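First comes the structure, then the notes that go with it.
Only the coordinates and a few stated rules stand behind these numbers; no lab work does. The structure presented is a predicted model; accordingly, all values stated were derived computationally and were not measured. Virtual Cβ from ideal backbone geometry, glycine too; neighbours counted across all protein chains shown.
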Amino acid sequence: MVRTPSTMLALGTSAPDFSLVNVDGRTLSLADVVGSRGTVVMFICNHCPFVKHVADQLAALGRDYLPQGIGVVAISSNDVATHPADSPEQMVRESEERGYQFPYLFDENQTVAKAYHAACTPDFFLFDGDRQLVYRGQLDDSRPDSGIPVTGVDLRRAIDAVLAGTPVPEPQKLPATAGDSQFTW
């Protein structure tokens, strides 16, 4: 397993726009997925052990926060030639099996990953209702084989602050031990 440090956008950056195909075949833009109160953009994929470790919590985030006006979207930017498990067909299966209630988009040429400065999976970005970046960091301290339960506490704390209209708590821990999917460009 290769661990790749994140190189995320600076806080205060406006959410980069995109137009990508969802697992249901529809093309969606940022405007289609933003929430009225904030938006979580996460770069994930199917095969990564770090993503597999947290995938049920990702589904729970969607169930918990979509009804509260937080948009949630997942984007896979992996090269399917080197990672066939991350193909659009497999993304459909993964979305259905995990019960994702949010869009799961395919970034075939990694343009969106580049725009967000995503470097690995999973990478999480939280934008406020004005589409300004207020959090870029880890889901929580859990890692595969760490024995630490997956709770999503760090990202949930940030989302709860956005919902409350308060500053996102510091420090923000970057997912420095993020997964083995590295985007190459």
- Item | Nearest-20 debye value, the chain charge dipole, Cβ charges on Lys, Arg, Asp, Glu | 300
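Excluding Ala115 itself, what net charge comes from residues whose Cβ is under 13 Å from its Cβ, given Lys and Arg +1 and Asp and Glu -1?
That works out to -2.
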- Task: For the chain, just say rounded, prolate or oblate: build the C-alpha gyration tensor, square-root its eigenvalues into a ≥ b ≥ c, call rounded for a/c under 1.5, and beyond that prolate if a/b exceeds b/c, oblate if not.
- Result: rounded
- Name the long-range amide H neighbours of Gly38: under 5 Å, sequence gap of 5 or more, or other chain; modelled H, no Pro or chain starts. Gly71
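Net charge near Tyr100, counting Lys/Arg +1 and Asp/Glu -1 over other residues with Cβ under 10 Å of its Cβ?
Around Tyr100, the charge tally is -1.
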- Task: Give, as a single signed number, the net charge of other residues whose beta carbon lies under 9 Å from the beta carbon of Ile70, with Lys and Arg counted +1 and Asp and Glu -1.
- Result: 0
